[in-house]
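J.: Pasting in a structure now, in structure tokens, and then I'll have a few things to ask.
The values are calculated or read from the model by the stated rules, or taken from the named source; none is laboratory data. Predicted model, so just to flag it, every value in this text is computed and none were measured. As a convention, Cβ positions derive from the backbone with ideal geometry for all residues, glycine included, and neighbour counts pool all protein chains shown. Heads up: the accessible areas ignore ligands, DNA and RNA and are worked out on the full protein's heavy atoms, side chains in. Shrake-Rupley method; radii C 1.70, N 1.55, O 1.52, S 1.80 Å.
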Protein chains: 2
Amino acid sequence: MLSKFKIVLVETSHPGNIGAVARAMKNMSMENLCLVAPKIFPSADATARASGANDILSSLERCETLEQAVADCHVVVGASARDRTISWPELAVRECAEKFVSAAFSDVRIALVFGRENSGLKNHELDLCQYLLRIPCNPDFSSLNLAAAVQVVCYELFIAAGDYRQPEIGDRGADPLATAEQMEFFYQHLHQTMQDIGFLHPDKSKTIMRRLRRIFNRTHLDVKELDILRGILRFSQNHNVKKGND
Amino acid sequence: MLSKFKIVLVETSHPGNIGAVARAMKNMSMENLCLVAPKIFPSADATARASGANDILSSLERCETLEQAVADCHVVVGASARDRTISWPELAVRECAEKFVSAAFSDVRIALVFGRENSGLKNHELDLCQYLLRIPCNPDFSSLNLAAAVQVVCYELFIAAGDYRQPEIGDRGADPLATAEQMEFFYQHLHQTMQDIGFLHPDKSKTIMRRLRRIFNRTHLDVKELDILRGILRFSQNHNVKKGND
């Protein structure tokens, strides 16, 4: 059940934190770790702090970009300080665990993404996330150590998996959810269409695309729905108005 | 409410762990730290890992024995590996937090005692404890890092203290959610546009519109997002492709 979760660390600076994350994961029966462009790895510091969780370090996945790391995941959750300038769906960590450990998401792979120790996730990385994960904490001292944050998240997942009872049916249909990679192709198509129909001003393009991503990211499209939306985009691109009626 | 809890560390070996504990405590609005015969303290490692929680390090209490550390406490809870030879009342960490944060224990001071990194608490120290604290975890890899264990415990205390609210759907940002009526106008506009661009076959119109409604109904659009989507619909309707390219 916990094997469908993947912990993704983006450009971690301190290898000791990578080892501490591996230990925290193994303490909570988590297995899948992915490093995106770590500054230093492998490292004796990582091995020392892993304190026996060597199997996690030796089987981890490495990627150059976050896009690659989450390409095979259906749900992407970013752990980052809240962006106050634009609205984003937030999940408290317990709520996140209860939601995604359940059977309604049983065939779904979920990435939990943790940013750099000092600067978190960048905007183009947040764009890949459907939710922001919030660890409730002291508002005046809210930056947890990376491994401490992973420990709390994995602990909540472990508890949720233990309390887990098989619900009767998932509330969605039989079509599988779209992966992050399929969503990226959709966003590229959407962006091109917005330009083709003259909706996107190049100078506003980033903000608008970010808002559109947020709408579709939080709706968990399945592959059939994605087909319909891309069909609509194709017809929009090719739509030939005989007479301008504006 | 959290000020009645005291975190007690017994003969900690690594000063870095003391700093990390201070950080974990402050992240969760805990203040009272007590060190029983630390191997090395103060230390630059402790200060570095505290990462700004210096007030906790500078105001901490030091004792020579656990007896002294818990002398002013009414309840003493030991975090230690389970002693299988003797039965002991056990509390899971969530249960412990919910029990002792409550008003029923409002005038009570509670010590949460963490043992040595490698060997935990000794028998004469366990004798001072009324309860053993259990952090649910992987039975085959159950030794958490000291600061990680403190982080989980303090997190549960913080949650139980209730300075925490599940984010609501409407919490995303400042823009109000669209009303049902506004959504109906949007769906009418969407339906008309699908016909204008030639996407909707009249005989399939109901099924497709139902699927599109499901997508947007579950995404909880706010009024600003609705404006953007209706803008896109207008541009689609008026899009004049000079040359058909299909």
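J.: Rounded to the nearest 100 Å², what's the accessible area chains B and A bury against each other, both chains counted, probe 1.4 Å?
T.: That pair hides around 6000 Å² of surface in total.
J.: Can I ask one more? Mean projection of the alpha-carbon convex hull of the protein assembly as shown over all orientations, in nm²?
T.: That works out to 26.5 nm², a quarter of the Cα hull's surface.
J.: Ordered shortest first, which distances in nm separate the 7 Å Cα→C-beta label point of residue A:44 from those of the other copies?
T.: With the label placed 7 Å along Cα→Cβ, residue A:44 yields 1.8 nm.
J.: Also, I was wondering about something else. I'd like the projected area of the stretch B:98-140, averaged over all directions, using the convex hull of its alpha carbons. Report it in nm² with one decimal.
T.: The Cα convex hull of the stretch B:98-140, projected and averaged over all directions, gives 4.3 nm².
J.: While we're here: I'd like the carbon and sulfur percentage of the solvent accessible area for the stretch A:180-238, probe radius 1.4 Å, heavy atoms only, ligands and nucleic acids excluded.
T.: So the carbon and sulfur contribution to the accessible surface is 51 percent.
J.: Per residue of the stretch B:64-75, what does 6.51 cos²θ - 1.76 cosθ + 1.60 with θ = phi - 60° give for ³J(HN,Hα)? Whole Hz please, x for Gly and Pro, Karplus curve as stated.
T.: 8, 9, 5, 3, 5, 5, 9, 4, 8, 9, 8, 10
J.: Ok, one more. Rounded to the nearest 20 debye, what is the charge dipole size of the stretch B:169-238 about its Cα centre when +1 sits on each Lys and Arg Cβ and -1 on each Asp and Glu Cβ?
T.: 360 debye
J.: With every protein chain present, what is the per residue accessible area of chain B (1.4 Å probe, Å²)?
T.: Value for chain B: 49 Å² per residue.
J.: Turning to a different aspect of this structure: GNM on chain A, C-alpha springs below 10 Å: top fluctuator among A:89, A:139, A:176?
T.: The residue with the greatest mean-square fluctuation here is A:139.
J.: For chain B, how big is the tail of P(r) above 28 Å, as a whole percent of Cα pairs?
T.: That fraction is 51 percent.
J.: Which pairs, out of B:6/B:26; A:26/B:122; B:4/B:99, put more than 23 Å between their alpha-carbon atoms?
T.: A:26/B:122
J.: Right, next: Check each residue of the stretch B:3-27 and keep those whose accessible area, probe 1.4 Å, is at least 30 Å² smaller with all protein chains in place than in the chain alone; give them in order of residue number.
T.: Buried by 30 Å² or more upon assembly, which counts only protein chains, are B:23, B:26, B:27.
J.: Rounded to whole Å and ordered largest first, report the semi-axes of the equivalent ellipsoid of the stretch B:1-41 derived from its Cα gyration tensor (root of 5λ).
T.: 19, 12, 5
J.: Using the Kirkwood radius over C-alpha pairs as Rh, can you work out the diffusion coefficient of the stretch A:1-125 via Stokes-Einstein at 10 °C, viscosity 1.306 mPa s, in µm² per second?
T.: Value of D from the Cα-based Kirkwood radius: 106 µm²/s.
J.: What's the magnitude of the charge dipole for chain B around its Cα centre, counting Lys and Arg as +1 and Asp and Glu as -1 at the beta-carbon? Answer in Debye, nearest 20.
T.: Rounded to the nearest 20 debye, it is 1160 debye.
J.: Which is farthest toward the positive dipole end of the protein assembly as shown among B:46, A:233, B:146, measuring Cα position about the Cα centre, with Cβ charges +1 (Lys, Arg) and -1 (Asp, Glu)?
T.: Positive-most Cα among the choices belongs to A:233.
J.: So what's the stretch A:180-238 giving for Rg/Rh, alpha carbon basis, Kirkwood Rh from the mean inverse pair distance?
T.: Ratio of gyration radius to Kirkwood radius: 0.96.
J.: Take the solvent-accessible surface of the protein heavy atoms, probe 1.4 Å, and return the percent of it on the stretch A:2-162 that carbon and sulfur atoms account for.
T.: C and S atoms contribute 47 percent here.
J.: Here's another thing I want to ask about it. With +1 on each Lys and Arg Cβ and -1 on each Asp and Glu Cβ, and nothing else charged, work out how big the dipole of the protein assembly as shown is about its Cα centre, in Debye to the nearest 20.
T.: Rounded to the nearest 20 debye, it is 1360 debye.
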